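The values are calculated or read from the model by the stated rules, or taken from the named source; none is laboratory data. Worth saying up front: this structure is predicted, and the values here are computed from it rather than measured. Don't worry about glycine lacking a Cβ; one is built from the backbone with ideal geometry, like all the others, and counts go over all protein chains shown.
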Amino acid sequence: MYDVALSFAGEDREYVQQVADILHEIGIRVFYDVYEEVDLWGKDLYTHLDDIYRVKSRHCIMFISKYYKEKLWTNHERASAQARAFIEKSEYILPVRFDNTEIPGIRQTTGYLDLNKYSPEQFATLVARKVKPDYDVDLLIDYLKKWLVHYEINVVGTEIEFKCEAEEYYGKFPLRLLLDMYRLNQLDHMFLHPSIVPW
């Protein structure tokens, strides 16, 4: 079972790839075609993808764009996701938009996010908060900033970047590591070691 399945057109892959990598890094079970190449090899993709988007995901993120509307495979994924959403009457489909293209079955009244307002890192953080509330990257960043008040701290791809001009320090650490330590209340111990981040 996947926490989230990503449905998108190939032309939008650059953005989606970054989102998928971050979600995967922090432990969100994500269906993203590149991660599944070996598993998809030799399968009847029409049937298999229907199963993924209709049965085996807790949420479907639909990356709407002019390209999305034109593709056969995205329309197949959309139909499967909409069948699931119709039966469950739940927030299964989470639509996001690169542009204002209208997609059949996605009503104008459905809440969506405008991807022009979010970097892939920012959007991945929102997805994590939606599908697994205890994976809140923003809370982690706020916590770190309270500890390290003189540091500039940002999510960059799948890492958290630390900068401090006064201490001439620059470092990057895996987002997953820091998030896991935060969730286990162990983050304080990490920052007692000068070899990690100067205190």
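In segment 158-175, the residues that are within 20 Å of residue 135 (Cβ to Cβ) reach residues that are of a type in the set (A, V, I, L, M, F, W, C) and assigned to a loop (DSSP other than H, G, I, E, B) with C-beta atoms within less than 7 angstrom, at least six apart or across chains, in these pairs: 175/26. Can we say residue 22 is in contact (Cβ under 8 Å) with a residue 60 or more places away in the chain and either at negative phi or among the hydrophobic types (A, V, I, L, M, F, W, C) (or both)? Yes: the conditions hold for residue 22. Within segment 72-105, being outside any helix (DSSP H, G or I), surrounded by fewer than 16 Cβ atoms within 10 Å (Cβ to Cβ) and either over 21 Å from the mean Cα position of the chain (by Cα) or touching a residue at least 12 places away in the same chain (Cβ under 8 Å) (or both) holds for 89, 91, 99, 100, 101, 102, 104, 105. Scoring residue 85 on the criteria (1) touching an Asp or Glu at 6+ places or on another chain (Cβ under 8 Å); (2) modelled with pLDDT under 90; (3) of a type in the set (Gly, Ala, Ser) leaves a single failure, condition (1).
For segment 1-46, how many residues meet the condition of being of a type in the set (A, V, I, L, M) and assigned to a helix (DSSP H, G or I)?
Qualifying residue count for the region: 9.
Just one of the listed residues (123, 98, 63) is in contact with a Ser or Thr (Cβ under 6 Å, 6 or more places away or on another chain), within 15 Å of residue 16 (Cβ to Cβ), at pLDDT 90 or above and not small (Gly, Ala, Ser), and it is 98. So which residues in segment 55-71 are without any contact (Cβ under 8 Å) to a residue 60 or more places away in the chain and assigned to a helix (DSSP H, G or I)? Within segment 55-71, 66, 67, 69 qualify. When we screen 15, 68 for residues that are buried (at least 23 other Cβ atoms within 10 Å of the Cβ), closer than 22 Å to residue 106 by Cα and among the hydroxyl-bearing types (Ser, Thr, Tyr), the only hit is 68.
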